[in-house]
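Here's the structure, in structure tokens; my notes come after.
The values are calculated or read from the model by the stated rules, or taken from the named source; none is laboratory data. Source: prediction; values computed, not measured. FYI the Cβ positions are ideal-geometry reconstructions off the backbone, even for glycines, and counts take in every protein chain you see. Ligands, DNA and RNA are stripped out before the accessible areas are found, and what is left, the full protein with its side chains, is counted by its heavy atoms. Shrake-Rupley method; radii C 1.70, N 1.55, O 1.52, S 1.80 Å.
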Amino acid sequence: MKNKKVIKIGSGLSNEKRDNPPKIGSIITFKYYGLTSKGKPRFPIFLRIRK
């Protein structure tokens, strides 16, 4: 995220992507439904790797 917070995303990944996930630090696109009380995205869903 732009604010340097680290989040974990598991939803939205195909079985192939689960076996070979994007490298840590990769820039990805994801959607989410609001923020938690700690400012993290609620229910993040992986969409794609940005290039």
| message | Restricting to the range 15-51, give me the number of residues that are modelled with pLDDT under 90 and small (Gly, Ala, Ser). | response | 3
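I'd like the full set of residues that are part of a loop (DSSP other than H, G, I, E, B) and more than 18 Å from Lys51 (Cα to Cα), limited to the range 1-11. Spell out the reasoning first.
Pass one, the range 1-11, residues part of a loop (DSSP other than H, G, I, E, B): 1-10.
Answer for the range 1-11, where residues must be part of a loop (DSSP other than H, G, I, E, B) and more than 18 Å from Lys51 (Cα to Cα): Asn3, Lys4, Lys5, Val6, Ile7, Lys8, Ile9, Gly10.
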| note | With criteria (1) of a type outside the set (Lys, Arg); (2) open to solvent by less than 50 Å² (accessible area, probe 1.4 Å); (3) part of a strand (DSSP E or B), Leu47 comes up short on (2)
| remark: In the range 1-20, residues that are within 11 Å of the chain's Cα centre (by Cα), open to solvent by 70 Å² or more (accessible area, probe 1.4 Å) and over 19 Å from Lys38 (Cβ atoms) total 0
| Every pair of residues 6+ apart whose Cβ atoms lie under 9 Å, when the first sits in the range 1-12 and is hydroxyl-bearing (Ser, Thr, Tyr) while the second is surrounded by 10 or more Cβ atoms within 10 Å (Cβ to Cβ) and in a loop (DSSP other than H, G, I, E, B) | Ser11/Phe43; Ser11/Pro44
| said: Cβ-Cβ under 9 Å, sequence separation 6+ or interchain: first residue in the range 13-39 and farther than 16 Å from Arg50 by Cα, partner exposed (fewer than 10 other Cβ atoms within 10 Å of the Cβ) and acidic (Asp, Glu). Which pairs? | reply: none
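Search the range 30-44 for residues being among the hydroxyl-bearing types (Ser, Thr, Tyr) and surrounded by fewer than 10 Cβ atoms within 10 Å (Cβ to Cβ), and hand back the single one that is farthest from Asn3 (Cα to Cα). Reasoning before the result, please.
Step one: list which residues in the range 30-44 are among the hydroxyl-bearing types (Ser, Thr, Tyr), which gives 32-33, 36-37.
Narrowing further to those that are surrounded by fewer than 10 Cβ atoms within 10 Å (Cβ to Cβ): 33, 37.
Numbers: Tyr33: 18, Ser37: 15 Å.
Checked the range 30-44; the qualifying residue farthest from Asn3 (Cα to Cα) is Tyr33.
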